[in-house]
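Participant: I am attaching a structure below and will ask some questions about it afterwards.
The values are calculated or read from the model by the stated rules, or taken from the named source; none is laboratory data. Just so it is clear, the structure is predicted and the values come from calculations on it, not from any experiment. FYI the Cβ positions are ideal-geometry reconstructions off the backbone, even for glycines, and counts take in every protein chain you see.
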């Protein structure tokens, strides 16, 4: 596959922004990995992906091959079995999966077929957020092309393996990114998380064995099968295998998305690929992996952007898409914006999340508007504990607390100024400049 040497996900993207049709994709080596996989035992594919140390690109970072190995296999396994591509991508600041869905749909499909073969799945779904209209159009077109060439349907390429694939456009909620809430939504139920165990690999969609993988995760599967686990690990600068789609948004010179070796430092991504801060703006801090991760400041910029390194630095890699804050942004207002989003997106299933997140958002809004009182910071700190892992039904509320917990530490002086000065210093400065 041309471009596979350094950038297996994006090396063959068209410069005009269009998606390649199946003939063009095949001309660049597309579906050769599938042909190879169909001649390999499913257990060997699972082993290869496990040894490649492909970790889930949706944010959890679990070893993909190991996840597949939990699915019951063989003639006695429950049927049907399902594979689902999680294309919900509603994490604020994240837009990596959209690139693959719109610009390289056949890579996503090929990865889904190989993954389905590896777990002996009978059907596959692309669970897509409804706002991604162009992605839905291009994915449906590419799926139809794959059916036309015999890559989908019964007896794929004479292998005896068959797979049906469909795009499911979700009504849309942030909670649908949680795999069990996604399963409920796909079944036509209220999108709320399920109790685990049982885990989806044994009892998922309609009670059958199911694997849910992120779009970027699945897109890494064909290159692994083509190049092998050792080659794939060699692309990385860390123990985590492969490359990663890193993104940057904010007041930088070149906001965007780049495929780089896993473990590339945050400083390199920000200063070399994003071009550094835009003229007139100074870097203050960033969120490394979407809105539900802790802030990293100047002293942390040399951290390798891989799962373990970012965790040791006190944050999470998450989706690997940075949101940069500059000196002109009020951190209290920024945190209010984040917490308001999570409060609105709470599914309401558990009391701490349903009641706690709106309370947090209202309190930050009061501080921002000049109605803050002494003790409010301590109340917010109490919530970062009461809404933490193990105290809510799923990880939505703890994810909302991650930026708040680090923000209260890093920006405590800013919170205190808001309370003592009865208003936002940033707004006052703007009013003085505009006067």
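Participant: Are any residues in the stretch 384-413 assigned to a helix (DSSP H, G or I) and either surrounded by fewer than 15 Cβ atoms within 10 Å (Cβ to Cβ) or outside the structural domain of residue 357 (by TED's automatic domain parsing) (or both), and if so, which ones?
Facilitator: The initial filter retains those residues of the stretch 384-413 that are assigned to a helix (DSSP H, G or I), namely 384-386, 396-410, 412-413.
Selection gives 385, 386, 409, 412, 413.
Participant: Right, here's the next one. Taking the stretch 172-194, which residues are more than 21 Å from residue 61 (Cβ to Cβ) and either without any contact (Cβ under 8 Å) to a residue 12 or more places away in the chain or in contact with a strand residue (DSSP E or B) (Cβ under 7 Å, 6 or more places away or on another chain) (or both)?
Facilitator: Within the stretch 172-194, 172, 184, 185, 186, 188, 189 qualify.
Participant: Could you tell me whether residue 416 is more than 23 Å from residue 318 (Cα to Cα), over 23 Å from the mean Cα position of the chain (by Cα) and either part of a loop (DSSP other than H, G, I, E, B) or without any contact (Cβ under 8 Å) to a residue 40 or more places away in the chain (or both)?
Facilitator: Yes, satisfied.
Participant: Being touching a residue at least 12 places away in the same chain (Cβ under 8 Å), closer than 20 Å to residue 92 by Cα and in a helix (DSSP H, G or I), is that true of even one residue in the stretch 422-434?
Facilitator: So far as the stretch 422-434 goes, no, none of its residues is touching a residue at least 12 places away in the same chain (Cβ under 8 Å), closer than 20 Å to residue 92 by Cα and in a helix (DSSP H, G or I).
Participant: Mind checking whether some residue in the stretch 140-157 is modelled with pLDDT of 95 or more, surrounded by 21 or more Cβ atoms within 10 Å (Cβ to Cβ), under 30 Å from residue 335 (Cα atoms) and touching a strand residue (DSSP E or B) at 6+ places or on another chain (Cβ under 9 Å)?
Facilitator: For the stretch 140-157, residues modelled with pLDDT of 95 or more, surrounded by 21 or more Cβ atoms within 10 Å (Cβ to Cβ), under 30 Å from residue 335 (Cα atoms) and touching a strand residue (DSSP E or B) at 6+ places or on another chain (Cβ under 9 Å): absent.
Participant: Hey, could you check the stretch 158-176 for residues that are within 19 Å of the chain's Cα centre (by Cα) and closer than 24 Å to residue 109 by Cβ and say which is surrounded by the most Cβ atoms within 10 Å (Cβ to Cβ)? Lay out the reasoning, then the answer.
Facilitator: From the stretch 158-176, those within 19 Å of the chain's Cα centre (by Cα) are 167-176; that's our starting set.
Checking which are closer than 24 Å to residue 109 by Cβ leaves us with 167-172, 176.
On the way: 167: 19, 168: 15, 169: 18, 170: 20, 171: 9, 172: 16, 176: 23.
Top of the filtered list is 176.
Participant: Here is a further query. Sort out for me the helices (runs of 4 or more DSSP H) sitting completely within the stretch 1-55 that have 1 or more residues that are over 29 Å from residue 155 (Cα atoms) and assigned by TED's automatic domain parsing to the domain that holds residue 145.
Facilitator: No helices (runs of 4 or more DSSP H) qualify here.
Participant: Which residue out of 115, 41 is in contact with a strand residue (DSSP E or B) (Cβ under 9 Å, 6 or more places away or on another chain) and either surrounded by 17 or more Cβ atoms within 10 Å (Cβ to Cβ) or on the phi < 0 side of the Ramachandran plot (or both)?
Facilitator: Just a single option satisfies the conditions, and that option is 115.
Participant: Counting only residues that are in contact (Cβ under 8 Å) with a residue 60 or more places away in the chain and assigned to a helix (DSSP H, G or I), which one in the stretch 337-364 is surrounded by the fewest Cβ atoms within 10 Å (Cβ to Cβ)?
Facilitator: 341
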